[in-house]
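The structure under discussion appears below in the form of C-alpha cells.
The values are calculated or read from the model by the stated rules, or taken from the named source; none is laboratory data. Remember, it's a predicted structure, so these values are computed and weren't measured experimentally. Because the Cβ atoms are built from the backbone with ideal geometry, glycine has one as well, and the counts that use them run over all protein chains shown. Remember, those area values only see protein heavy atoms, side chains included, never the ligands or the DNA or RNA. Shrake-Rupley method; radii C 1.70, N 1.55, O 1.52, S 1.80 Å.
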Amino acid sequence: MDDGNENRKRHGKRKQNKTEKQRIKCLLTICTAFLLMQEMNLHPVFAQQQKVVVGTNAEYAPFEYLDSDGKLTGFDYDLLEAIAQEEDLVLEWRDMPFDSLVGAMESGNIEVIAAGIGPTKEREKSVDFSDVYYTGSQSIISRTDYFIKDFTELSGKRVAVLEGSQSDLIASGETTDYGLVENASVVRFKNAASAVMELKNGGADAVLIDTIMAEIYCRQTEGITSFAVPGTEEDTVFCIKKGNSEIREMINRGLAKVKESGRYDELYQQYFVGAEEGGIEIATAAENGGFLGTLSFVFLEENRWKYYLNGLEVTIIVSFLSVLLGTVIGLFVALIRLGADRKKKETFASRLMNIYVDVIRGTPSVLQLMIVYFAVFHSRFGYAAAVVSFGINSGAYVSEVIRGGIMAVDRGQTEAGRSLGLGYGDTMRFIIIPQAVKNILPAMGNEFIQLIKETSILGYVGIVDLTKASSYVSSRTYQMFIPLVAAGILYYLMVKLLSILMGRLERRLRESD
C-alpha cells in the first residue's frame, strides 16, 4: 500500500516538473517573440528595404544610356544609385519615351523621374522637384555655312528638338523665361541623335539642345557648330510624385551626402569632362580611319554589335509569340463569325467579335501598344505587354484571313462531311480547315512579315528591339546613317529568310494536290 502511494507521489512530481518545463518553454518562446518584434520595430530597414520605381529615357548620353551589354548607365543613373545607397533604397528602373514620363508618374506607374529634366512652372503642377544636381544651358547647333547664335535668328526657321524637353518648350514659345523664339517651325524627335541628323541632312535649320550635348555632337559630327545662348542657364532636378515628401526628403538628404563624400565630383569628372575628351578621340578616329575605321568604331568598340544581337533576339521572339497568339485569337474569332453566318443570325458573341475586328483594324498599332503597356500593365512586364498587344492586333487581321480561306473551300466539302455522319465541328476540323490552310498560308506569311516590321515601334515602351538598338548606337557614337542602315539590312535578311521558308512550305503542300 505504501509502495502504491510512493509511486503516485513520484508520478505526481514528474507531472508537475513536466508542466513547469512546458511553462518555462512557453515563457521563453513569448520572450523570444517579443524581442524579435522589438528588434523589427527598432530596425525596420533590415526587414525590408523601401523600393522606389524610377522612370528614365535611356537615349540621352551621357546623362542616361545603355552600355554595350544593354545595361542602363549614365550620370543620372549612377548619381541616383549612389543616393539610394546612402538612404538604403532599392531602385527599380523603367526605360520609356521622354514625353511619356510625366504621364506615367501621374498614373502612378513611377515615383521618380531621372532624365535630365529642368524645373518649370508647368511641370510643377504635376510633380515635385528635388534639389538641383546639375546646371547647364541651351545651345543652338547649326551648319557651319549658316551659323546661328541667337533666338531671334530662329524666327521662321525649322528647329529640331527632343520632344517634351526644355528645348521643345523654348522653341515652341511655351516658355519665355530664357528668351523669345517667334514663329519657329518645331520638328520634334524621340532622341537627340535624330534631331542632329535632321539638321545635317538639311531637314532643319538648327537644333536646340543642352550645351554639353551640343559640344559632344559638334566634336563628333562634321559640318556643324554650336553656340551657347547667354542667359539660358538652367537647373536640372529629379522629379518626384506630387505630394510624396518622404521620397523627396530622402533624395535631397542623399544628394547632400553624395556631394559631401566626393562621389558627385567623381561622377561629374567621369561623365562630363571624360565625355568631352572621348568626343575628341572619336572625332579623330573617324577622321583617320576612313570608312572601315568608322565601321570598326561603330560596331566593334565597346562591343556595340551586341546591341543588334540582343535587339534581333527580342524582335524575333516578340514576333513569333505574337503570331502564335494572333493565330489562336484569329481562329477563335473567325469560327464565331462563321457560325453566325452559317445560322444567318447574329449572336452577342459574333457582334462582339465584329466590334473587336472593326476597332483593331481602325486604330494604329502604336496606340494599341501604348494603351496596353501604360493603362493595362501599368508600365510593367513590357515583353508580355508587347506580345499581348501585337497578338490582339494580329488576331483581327488573321481572323479575316482564316475566314476568307474557309469560305473559299467548296461548299460541297461541307456537305460531303455531313453525309459521312460528321458533325459541324468535326467537319471543320478534319475536312475544311486542312484545305483552307493552303489558301491562307501565303496571307499568313505576309502577316508574319508585317508583324516583324511592326515591332519597330517597341521603343515607344522602352523595349530594345532592333530599331531601338540602332537608335542607341547612334546616341553613343553620334553616327546617324550607318547604324540605321545596319538595322535595315538585318530586317531585310529576316524577311527574306522567312519568305524562302514560306515558299518551300507552300510547294510542299501543293505536292499533295
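Points to keep in mind about this one:
- A 1.4 Å probe run over the protein chains yields, for the chain, 52 Å² of accessible area per residue, whole-number rounding.
- Sorting 431-443, 207-219, 127-139 by average packing, meaning the other beta carbons within 10 Å per residue, from highest down gives 207-219, 127-139, 431-443.
- Converting the Cα gyration tensor eigenvalues of segment 72-198 into ellipsoid dimensions via √(5λ) gives semi-axes, longest first, of 30, 16, 14 Å.
- Values [x] 24.6, 81; [y] 56.9, 210; [z] 31.9, 125 are given for comparison; Rg and Dmax of the Cα atoms in Å, derived from the coordinates here, is the one labelled [z].
- Solvent exposure of Tyr65, expressed as accessible area, is near 30 Å², computed with a probe of 1.4 Å over the protein chains only.
- Helical content alone sets the calculated 222 nm signal of the chain at -19000 deg cm²/dmol, taking -39,500 (n - 2.57) per DSSP H segment of four or more residues and averaging over every residue.
- Protection proxy ranking of 153-165, 301-313, by the mean of other Cβ atoms within 10 Å over each peptide's residues and highest first, is 153-165, 301-313.
- About the centre of its Cα atoms, segment 133-267 shows a dipole size close to 400 debye [charges on the beta carbon of Lys, Arg (+1) and Asp, Glu (-1) only; nearest 20 debye].
- Across segment 319-424, C-alpha contacts under 8 Å between residues 6 or more apart give a mean separation that, scaled by the residue count, equals a relative contact order of 45 percent.
- Among beta bridges from DSSP that stay inside the chain, the antiparallel ones total about 60%.
- Once the Cα gyration tensor of segment 170-216 is diagonalised, semi-axes √(5λ) in Å: 19, 14, 9
- If you wrap segment 124-253 in the convex hull of its Cα atoms and look at it from every side, the mean projected area works out to 8.2 nm².
- Here the chain exposes an accessible surface that is 56 percent carbon and sulfur, computed with a 1.4 Å probe and the other protein chains kept in place.
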